[in-house]
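Engineer: Before we start, here is the structure in question, set down as structure tokens.
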Amino acid sequence: MFDVISNKITDVFRRITGTGTITEKNIEDALKEIRMSLLEADVNYKVVKSFMDSVKQKAMGEAVLRSVSPDQQFIKIVHDELVAFLGDTASPINLGPRPLLIMLIGLQGSGKTTTAAKLAHYLKTEKDYGSVLLVAADTYRPAAREQLETLSKQVNAAYYTEPHNDAVKIAQNGYNERGNHHYDAIIFDTAGRLHIDEDMIAELKRMKEAIPFHEIILVADSMLGQESVNVAKNFNDALGITGLILTKIDGDARGGAALSMKHTANVPIKFMGTGEKIDRFEVFHPERIAGRILGMGDVVTLVEKAARGVTEEQAKKTAANFRKGNFTLNDFLEQMQALKNMGPLDEMLKMIPGADKMGLSNVNIDDKQMKRTEAIILSMTPRERRNPDLIDPSRKARIAKGSGTKTEEISRLLKQFNAAKKMMKSMSKRRHGGGGLPGGMPGIGGFGGRPGF
Ligand SMILES: Nc1nc2c(ncn2[C@@H]2O[C@H](COP(=O)(O)OP(=O)(O)OP(=O)(O)O)[C@@H](O)[C@H]2O)c(=O)[nH]1
Ligand SMILES: [Mg+2]
């Protein structure tokens, strides 16, 4: 989503570092271009002005021009200001109180219901919140309650609603459920409207009076454009929000407007939604996002995703097989699936520092090829996976049929696998101890042998 801002600013930086000398004139030009790129990305003009004023004030001083490397100094100033602009430090949820009471509000279709489930999943899997209750206090849209019920099952959360149209009463009774059960968190999903209207606000206000929420979070679609600033203002004026969750970051919206909401409401962006699935949800780390926007990469998130993609047990087992020279097609498959769990590969690549300079940001990652490779291995019997030498032409024909591929593709995969295995053997001989997983798999379908993966 940050592509528009990112591409422009990386260009400006490239030019600045390319000139050798930095003068007040070319800093001024660079500032102008950065200003334009922010406006083009839909960042609110008032926010752009205050951002540019503070960058300018710091960048134009003698200290920069006289420093050892004025170009790097300039980039650092823009980076630091961008981090400050995005909120300095990550501020997810205040995890103190139990049950933690969270109300999600926002316009229709902004992603409240999905986010309620994502948040429950996050609290359960990452924050040790054993039991979470989801309350469906949306009586406005017909299937809203069923949607939340389905999602609650997916994330293993408790669910509460009542079959009538008094949303405040449902919320109130959902809150009272804490007396009958032990809940670590209760998340309230509310109704949205196309525009902010008085009925909706009145209903939310009554809920706020009835329940001592710890967090009132505005869920906002990052594709909303300039209107988002008004939305943030109106919801905040009426209800006093404690934070924002930006959804649909995975879309191709320019995103600047969404980033401006933070300044309008003067509250942190707590999380962002990066896809429809339950686990496409990330804590909003200003430093890391600034890195992504400025093309400096985001190694921390990448490593975290790698750790999540594969269980420790799996990694140990694969490493042990690897050391023994026993690496099988099953391990190959597991590695590939671990990579897939990390998310779409082109997104991953953007987090590698300097990926654009290495020409990696435009690499066409062949997810389809990976799926075919997976289908081939899944069509083999367990014995064949352990011992691919068994695979003769008639077995090949069977596997091709089972996976909807051609026998040549199977031959190619086996060849790749044997080459990888050979290389691993020689590596494990050289540095006894092996390890280094996940990653480093040479020749996995579609992106063979590229360094760093
Ligand atoms: N790509 C993408 N889609 C999302 C994301 N979050 C939600 N969606 C999708 O957006 C649509 C609307 O999401 P909901 O969670 O139903 O939105 P809502 O705010 O509860 O909508 P109402 O209850 O009608 O006001 C659904 O199709 C979701 O799958 C996200 O981060 N990325
Ligand atoms: Mg909803």
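Engineer: All but one of (1) within 16 Å of ligand 1 (Cβ to nearest atom); (2) surrounded by 15 or more Cβ atoms within 10 Å (Cβ to Cβ); (3) modelled with pLDDT of 85 or more hold for GLU347, so report the exception by its number.
Structural biologist: The one condition GLU347 does not meet is (3).
Engineer: Turning to a different aspect of this structure: Looking at this structure, is TYR160 away from ligand 2 (no atom under 16 Å from the Cβ), in the same structural domain as LYS233 (by TED's automatic domain parsing) and in contact with a Leu (Cβ under 7 Å, 6 or more places away or on another chain)?
Structural biologist: Details: away from ligand 2 (no atom under 16 Å from the Cβ): no; in the same structural domain as LYS233 (by TED's automatic domain parsing): yes; in contact with a Leu (Cβ under 7 Å, 6 or more places away or on another chain): yes.
No, not satisfied.
Engineer: Which of the residues that make up the range 122-152 are within 16 Å of ligand 2 (Cβ to nearest atom) and among the charged types (D, E, K, R)? Talk me through it step by step, then tell me what you get.
Structural biologist: Residues of the range 122-152 within 16 Å of ligand 2 (Cβ to nearest atom): 134-152.
Once the filter is applied, which keeps residues that are within 16 Å of ligand 2 (Cβ to nearest atom) and among the charged types (D, E, K, R), the range 122-152 yields ASP138, ARG141, ARG145, GLU146, GLU149.
Engineer: Just to check your reading of the model, which residue among ILE77, ILE102 is more than 25 Å from ASP252 (Cα to Cα), within 16 Å of ligand 2 (Cβ to nearest atom) and under 31 Å from the mean Cα position of the chain (by Cα)?
Structural biologist: ILE102
Engineer: Which numbered condition in (1) closer than 20 Å to PHE281 by Cβ; (2) touching a helix residue (DSSP H, G or I) at 6+ places or on another chain (Cβ under 9 Å); (3) among the acidic types (Asp, Glu) is the only one that GLU162 fails?
Structural biologist: Status for GLU162: all satisfied but (1).
Engineer: So how many residues does the range 54-83 have that are in contact (Cβ under 8 Å) with a residue 24 or more places away in the chain and small (Gly, Ala, Ser)?
Structural biologist: 2
Engineer: Under 8 Å between Cβ atoms, which residue pairs at least 6 apart in sequence (or on different chains) link something in the range 207-222 that is assigned by TED's automatic domain parsing to the domain that holds ALA116 and within 11 Å of GLY243 (Cα to Cα) with a partner that is within 16 Å of ligand 2 (Cβ to nearest atom) and hydroxyl-bearing (Ser, Thr, Tyr)?
Structural biologist: VAL219/SER110; VAL219/THR115; VAL219/THR247; ALA220/SER110; ALA220/THR247
Engineer: Please go through the range 82-116 and give me each residue that is of a type in the set (Gly, Ala, Ser) and either within 16 Å of ligand 1 (Cβ to nearest atom) or touching a Gly at 6+ places or on another chain (Cβ under 6 Å) (or both), ordered by number.
Structural biologist: So the first thing to find is which residues in the range 82-116 are of a type in the set (Gly, Ala, Ser), and the list is 84, 87, 90-91, 96, 106, 109-111, 116.
Selection gives GLY106, GLY109, SER110, GLY111, ALA116.
Engineer: Which of the residues that make up the range 207-247 are among the basic types (Lys, Arg) and within 19 Å of ILE170 (Cβ to Cβ)? Steps first, please.
Structural biologist: Of the range 207-247, the ones among the basic types (Lys, Arg) are 208, 233.
Scanning the range 207-247 gives a single hit, LYS208.
Engineer: If I filter the range 28-48 for residues that are surrounded by fewer than 18 Cβ atoms within 10 Å (Cβ to Cβ), more than 16 Å from ligand 2 (Cβ to nearest atom) and within 23 Å of THR242 (Cα to Cα), do I get at least one hit?
Structural biologist: Yes, the conditions are met somewhere in the range 28-48.
The values are calculated or read from the model by the stated rules, or taken from the named source; none is laboratory data. These numbers were taken from a predicted model, which means no experiment stands behind them. When we count neighbours, we look across all protein chains shown, and the Cβ atoms used for this are built from the backbone with ideal geometry, even at glycine.
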